[in-house]
């Protein structure tokens, strides 16, 4: 479905992403994980050309993304932003409708579709006419997901979508997202620096470090056989936490 | 149709249209400057330089520029262009700032959902920059309404007419009316812009509707009255010019009243024109008729010395010069002279034993002289200085209506008085004898454009009936009635005309 080949980006003389290659098959969720500055967000942005690559190619359904004008390409790909990115001067409804109006949908059809996706992300219809500033952080990001989903894209890109939320809200949104994705059979790339989030959500995980792809594999493969010391360290934290948690639970049981 | 007082309507016609054009120029320019980075500094720089020009000077500078371009240089156009230029900076700067301060994350979001650069601008950047742009428009609104009062000296009617007339004729209440009306208008329009902004921001349909409706009505009214006026200007209207002092206001009203009475053609007065502005305006046909003084033309335009002090010689040479060189019709002399004259307080002159200008030479280095705005730049002053070897300790320019008060109160020792000014006698001043003949005679003459003679020969005939009807005493009385008696120039002119018509 998505094919990334030797994708690289330099900012001036500084390489941000060094010849990264991976594939995502239809209906799969790939989580790009790594520390800050590892190039994961840049890699994500090169897929819908928010950032133009220095070299390499990206194919979506076999088609080179550089063949289309950038804005046309982006209209077909759902994108959820790190800092939400809702337009503050528009209502919830208007925000969700933006991609549809850009695609030239008729007003009636837009209204219907906006209702559907807001229901999908569990936003109460009474909030439709509110401005983003009047919503909680969790509600805002639900609307952000709804906007990305509104035009029924085949591919979704998510840039640390739940990073800024409190743990409870994040958990609820993660659960909702898992459900929605299963239901729609979405192909998605999800960027996070949180290994636990990666392990919980991913079909496969791609670990990046210093602009390079270090390991790609299922959560199980990563836990069982980390490719190098860096991956080892990344998976060690959740593993240790899980052990501590188990001990605590055992103590409670006794 | 004219629901509002004439000066207010004229003021709206200037300020509202200038603002609209200012917005239409500045916002796109601001967008361009925000997009094309290297343009930002030059564009903002030019706008800032325009802003540093004193507003009155900016409007006045339009007169020769437009005349050089063979465009109407007196009246609406120069004031309008000056106001547009003045309104540009605040809107432009706020547009650039507003666009520059849009959160980059939102610009990326706009790109991310697939907007083209133009869609991004229209749907995201401009709406988000709007509060800052509106703030700029509000500043421009207040400036434009305020500065529009300075349109009067370039011949455009505005609320400034109250102020300038009041200043010239020492009518404090007229000055106050003008100032307060301009201030109230500025605040009202500012409030209206604010209302539009608030309604838009809060998505308040009712508020927005009321504010936009009121704005639309104002523009409709302005548009209709302006359109009607422009149409009328092209056909049936005689424009009488007046320079910046009481006598000119009275005389211009007399000329206008006489022509309307005799021919039925509407005649209007363009007030407070500088003296060369008035002459240029007549030459280019921007005004049709005004009163000038033979000595002024003699000295300023013909660059002649005062040697032949014979009134009729000067008059006939001036007539010939105007006819042959400028195609201007000299209708005739009104019958009095209004000469530049040096005047002092009687008591002070007697103490210093000064009777003639040559007596001043000894004392001048310790004395100060006050003159109207033009005086120290005029050929007559150069001639006086050279002929007598006069050098005063200080030269102070001031409004001609204030200089009599200034000399009477001893703020200055000598002034460049006008010999027909009633305040010379009223304030116990004496006119010093020009014993070396540096000052030419100043017969008041009616000058008319060639166009007026072609189009309205009957108006020229009407004016000719005024020739020789006003002697020095009559003019002094009329001036005094305005300056000290508190009457309006229009009323004084009407009284004169009615007496004239009754005699016939």
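The values are calculated or read from the model by the stated rules, or taken from the named source; none is laboratory data. Here the structure is a predicted model, which is why all the values come from computation and not from measurement. Cβ sites come from the backbone with ideal geometry, for glycine too, and all protein chains shown count toward neighbours.
Figures for the structure shown
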{"read-out": "Residue match in the range B:28-44 (condition: outside any helix (DSSP H, G or I) and within 30 Å of residue B:161 (Cβ to Cβ))", "value": "no"}
{"read-out": "Residue among B:267, B:181, B:211 that is surrounded by 21 or more Cβ atoms within 10 Å (Cβ to Cβ), under 24 Å from residue B:164 (Cα atoms) and in contact with a helix residue (DSSP H, G or I) (Cβ under 8 Å, 6 or more places away or on another chain)", "value": "B:267"}
{"read-out": "Subset of the range B:385-414 (residues that are surrounded by 22 or more Cβ atoms within 10 Å (Cβ to Cβ) and closer than 25 Å to residue B:303 by Cβ)", "value": "B:400"}
{"read-out": "Test: residue in the range A:107-125 that is at pLDDT 90 or above and within 11 Å of chain B (Cβ to nearest Cβ)", "value": "no"}
{"read-out": "Some residue of the range A:108-122 being over 22 Å from the mean Cα position of the chain (by Cα) and assigned to a loop (DSSP other than H, G, I, E, B)", "value": "no"}
{"read-out": "Filter pass, residue A:221 being surrounded by fewer than 18 Cβ atoms within 10 Å (Cβ to Cβ), closer than 18 Å to residue A:197 by Cα and either in contact with a strand residue (DSSP E or B) (Cβ under 9 Å, 6 or more places away or on another chain) or at pLDDT below 85 (or both)", "value": "yes"}
{"read-out": "Subset of the range A:158-196 (residues that are touching a residue at least 40 places away in the same chain (Cβ under 8 Å), surrounded by 16 or more Cβ atoms within 10 Å (Cβ to Cβ), more than 22 Å from residue A:110 (Cα to Cα) and in contact with a helix residue (DSSP H, G or I) (Cβ under 7 Å, 6 or more places away or on another chain))", "value": "A:159, A:161, A:188, A:189, A:190, A:191, A:192, A:195"}
{"read-out": "Matching residues in the range A:76-90 - criterion: being in contact with a strand residue (DSSP E or B) (Cβ under 7 Å, 6 or more places away or on another chain), at pLDDT 90 or above and either at positive phi or more than 7 Å from chain B (Cβ to nearest Cβ) (or both)", "value": "A:77, A:78, A:80"}
{"read-out": "Matching residues, the range A:124-153, being closer than 15 Å to residue A:90 by Cβ and assigned to a loop (DSSP other than H, G, I, E, B)", "value": "A:128, A:129, A:130, A:131, A:135, A:150"}
{"read-out": "Residue within the range B:444-456 that is surrounded by fewer than 15 Cβ atoms within 10 Å (Cβ to Cβ), over 19 Å from residue B:248 (Cβ atoms) and free of Cβ contacts under 8 Å to residues at least 60 places away in the same chain present", "value": "yes"}
{"read-out": "Strands (runs of 3 or more DSSP E) completely within the range A:1-75 that count 1 or more residues being loosely packed, with under 14 Cβ neighbours inside 10 Å and at pLDDT 90 or above", "value": "A:2-11, A:14-24, A:55-60"}
{"read-out": "Boolean, residue B:464 is more than 24 Å from residue B:382 (Cβ to Cβ), free of Cβ contacts under 8 Å to residues at least 60 places away in the same chain and surrounded by fewer than 20 Cβ atoms within 10 Å (Cβ to Cβ)", "value": "no"}
{"read-out": "All positions within the range B:86-98 that are more than 14 Å from every other protein chain (Cβ to nearest Cβ) and crowded, with 21+ Cβ neighbours inside 10 Å", "value": "B:86, B:87, B:88, B:89, B:90, B:91, B:92, B:93, B:94, B:95, B:96"}
{"read-out": "Wholly within the range B:101-183, helices (runs of 4 or more DSSP H) carrying at least 1 residues that are farther than 30 Å from residue B:280 by Cβ and within 13 Å of chain A (Cβ to nearest Cβ)", "value": "B:104-112, B:117-120, B:126-147"}
{"read-out": "Residue in the range A:135-142 that is at positive phi and within 14 Å of chain B (Cβ to nearest Cβ) present", "value": "no"}
{"read-out": "The range A:38-75 - residue that is within 8 Å of another protein chain (Cβ to nearest Cβ) and touching a residue at least 60 places away in the same chain (Cβ under 8 Å) and, of those, nearest to residue A:3 (Cα to Cα)", "value": "A:48"}
{"read-out": "Matching option when the condition is outside any helix (DSSP H, G or I) and modelled with pLDDT under 90, among A:227, A:242, A:188", "value": "A:227"}
{"read-out": "Residue ID - nearest to the chain's Cα centre (by Cα), chosen from residues in the range A:76-89 that are part of a strand (DSSP E or B) and closer than 13 Å to residue A:47 by Cα", "value": "A:79"}
{"read-out": "Scope the range B:75-116; condition in contact (Cβ under 8 Å) with a residue 40 or more places away in the chain and over 24 Å from residue B:142 (Cα atoms); matching residues", "value": "B:100"}
{"read-out": "Contacts under 7 angstrom Cβ, first residue in the range B:36-55 being over 25 Å from residue B:151 (Cα atoms), partner surrounded by fewer than 16 Cβ atoms within 10 Å (Cβ to Cβ), 6 or more apart", "value": "B:39/B:32"}
{"read-out": "Residue A:147 vs. criteria modelled with pLDDT of 90 or more and out of contact with any strand residue (DSSP E or B) (no Cβ under 7 Å at 6 or more places or on another chain)", "value": "yes"}
{"read-out": "Residue in the range A:224-234 that is touching a residue at least 40 places away in the same chain (Cβ under 8 Å), within 28 Å of residue A:45 (Cα to Cα) and more than 15 Å from the chain's Cα centre (by Cα) present", "value": "yes"}
{"read-out": "Given (1) part of a helix (DSSP H, G or I); (2) surrounded by 15 or more Cβ atoms within 10 Å (Cβ to Cβ); (3) modelled with pLDDT of 85 or more, index of the condition residue B:67 fails", "value": "(3)"}
